[in-house]
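Novice: Handing you a structure now.
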Amino acid sequence: MKNAKLFSLLVTTTILAYGAIGFYFLPLATFEGELTRMALLPEAQFGWTKPQPKIDIKLMQQAAMKDADVLIIGDSFSESRLWQTALTKRDLKVRTESWESMRGICEDFTPWLRAQGFKGKYLIIESIERNLVSDLAKSKACEKMVYHLLATTDMQHYPPHASFDVHQGSYSGKLSTGIETRYHAWQYEKLSGNSDFKSWQLPNEVTMARVPDGCQLFSHASCEDALFLSYDKPEEIANEALENIALLNTRLQGFTTIWVFVPNKTTAYLHNDKQFWQKAHARFNAPDLLAMTQQAIREKTIDLYPANNTHFSPTGYLMMGEAIYQAMQTAR
């Protein structure tokens, strides 16, 4: 009887202890941003807190190929359909396809696209900086279009939330993840207190870096520092990319083509002296999104790229859309 009571007490104590530990650590395993998730850092420190513009879901509708005025080929910066609202609010019908579906701008692209029923005037080709050289090179080498429809291409997309509670974690994550996240937060508290702190390499190719005037540019609690992908390169983009654009333009007769290149977050905040965007704008009327980001940063736009994410905030996407629309107007 005594042993049974001791056993029951031990089990009860263990359950209560585990529950108390879980109650503290599990909410730390809830992530809103991809960089906080990769680096295992708490949203309470690196999650954005300033509300973002609300996006009307009616402006995010996907047009059928035969009805579209504008065809967009892009990556995750376009797949969200956020910047496209700058076009749809002006009554343009927009269809967005991914590089994963299209595979490239191949030699037979124009006759292939017309055979799909596209009668529109505008073709917008978008790529993030880190992928643009390879995207262009793959297209240059591609001879024949092979299209793969993705299940998500024609699905309804929904606007991102305009705000979230950085302290409101769930209890559905892994306890080990919560413990490791708290450990990283403790490490950060120690490292960032040093007067010479500049950067810190975290797991899964994430770098934390101190950003000049960070607390005027970000709304998260630890606003002096932000998270970046460590494999983004500080070097200038090779001129080969410009030559490949010129070659691919010869395949795009009959369209008004707008080339769009999104700067890496690292480029926007830490390595903003690159000349590629000026050259692409001068030669091909590509919107200078690096100049756009620099103007926004000079004007102290909060969370242009949130600290916990590699992508634009809704504020940044809306700026991107306006820059693209203006490029379309000047290309007429």
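The values are calculated or read from the model by the stated rules, or taken from the named source; none is laboratory data. Being a predicted model, the structure only gives us computed values, none of them experimental. Note: ideal-geometry Cβ built from the backbone for every residue, glycine included; neighbour counts use all protein chains shown. The accessibility values were calculated without ligands, DNA or RNA, using every heavy atom of the protein model including side chains. Shrake-Rupley method; radii C 1.70, N 1.55, O 1.52, S 1.80 Å.
Novice: So which of L82, L87, L132, L150 is modelled with pLDDT of 95 or more, open to solvent by 10 Å² or more (accessible area, probe 1.4 Å) and within 25 Å of F312 (Cα to Cα)?
Specialist: Only one candidate qualifies: L82.
Novice: State which residue pairs qualify: first residue within 16 Å of L132 (Cα to Cα) and inside region 256-271, second residue open to solvent by 10 Å² or more (accessible area, probe 1.4 Å) and basic (K, R) in any location, beta carbons under 6 Å apart, and separation of 6 or more residues or different chains.
Specialist: That search, which allows pairs on different chains as well, returns N264/R130.
Novice: Enumerate the helices (runs of 4 or more DSSP H) found wholly within region 204-289, keeping only those where 2 or more residues are more than 18 Å from the chain's Cα centre (by Cα).
Specialist: On the way: elements: 240-249, 265-269, 276-284.
Because the criterion is at least 2 residues that are more than 18 Å from the chain's Cα centre (by Cα), the helices (runs of 4 or more DSSP H) in region 204-289 that meet it are 240-249, 276-284.
Novice: Mind checking which residues of region 32-63 are hydrophobic (A, V, I, L, M, F, W, C), on the phi < 0 side of the Ramachandran plot and either assigned to a loop (DSSP other than H, G, I, E, B) or open to solvent by 30 Å² or more (accessible area, probe 1.4 Å) (or both)? Talk me through it step by step, then tell me what you get.
Specialist: Within region 32-63, the subset hydrophobic (A, V, I, L, M, F, W, C) is 35, 38-41, 44, 46, 48, 55, 57, 59-60, 63.
Now narrow it down to the ones that are on the phi < 0 side of the Ramachandran plot: 35, 38-39, 41, 44, 46, 48, 55, 57, 59-60, 63.
Passing the criteria: M38, L41, A44, W48, I55, I57, L59, A63.
Novice: Now a separate question. Of everything in region 290-304 that's touching a residue at least 60 places away in the same chain (Cβ under 8 Å) and open to solvent by less than 10 Å² (accessible area, probe 1.4 Å), which residue is nearest to V262 (Cα to Cα)?
Specialist: L304
Novice: Here's another thing I want to ask about it. Tell me, which residue of region 64-79 that is closer than 18 Å to W99 by Cβ and in a loop (DSSP other than H, G, I, E, B) is most open to solvent (accessible area, probe 1.4 Å)?
Specialist: Among those residues, the one meeting the criterion is D75.
Novice: For I245, work out the one condition from (1) more than 27 Å from F31 (Cβ to Cβ); (2) open to solvent by 10 Å² or more (accessible area, probe 1.4 Å); (3) among the β-branched types (V, I, T) it doesn't fulfil.
Specialist: (2)
Novice: Among the listed residues E180, E143, identify the single one that is touching a residue at least 24 places away in the same chain (Cβ under 8 Å), out of contact with any helix residue (DSSP H, G or I) (no Cβ under 7 Å at 6 or more places or on another chain), loosely packed, with under 11 Cβ neighbours inside 10 Å and not small (G, A, S).
Specialist: Answer to the check: E143.
Novice: Separate question: Looking at region 100-122 only, could you name the residues that are touching a helix residue (DSSP H, G or I) at 6+ places or on another chain (Cβ under 8 Å) and either open to solvent by less than 10 Å² (accessible area, probe 1.4 Å) or farther than 23 Å from I55 by Cβ (or both)? Give the derivation first.
Specialist: In the first step, residues of region 100-122 are kept if they are touching a helix residue (DSSP H, G or I) at 6+ places or on another chain (Cβ under 8 Å); the result is 103-106, 116-119, 122.
Result: R103, G104, I105, C106, Q116, G117, F118, K119.
Novice: From the list P234, P203, P212, which residue is exposed (fewer than 13 other Cβ atoms within 10 Å of the Cβ), under 22 Å from T310 (Cα atoms) and touching a His at 6+ places or on another chain (Cβ under 7 Å)? Break it down into steps so the answer makes sense when it comes.
Specialist: On the way: P203 fails: touching a His at 6+ places or on another chain (Cβ under 7 Å); P212 fails: touching a His at 6+ places or on another chain (Cβ under 7 Å).
On inspection, the qualifying residue turns out to be P234.
Novice: Among all residue pairs at least 6 apart or on different chains, which show Cβ distances below 6 Å where the first residue, located in region 79-94, is without any contact (Cβ under 8 Å) to a residue 12 or more places away in the chain and the second is in a loop (DSSP other than H, G, I, E, B) and of a type outside the set (D, E, K, R)?
Specialist: Sorted first by the residue in region 79-94, then by its partner, the list stays empty.
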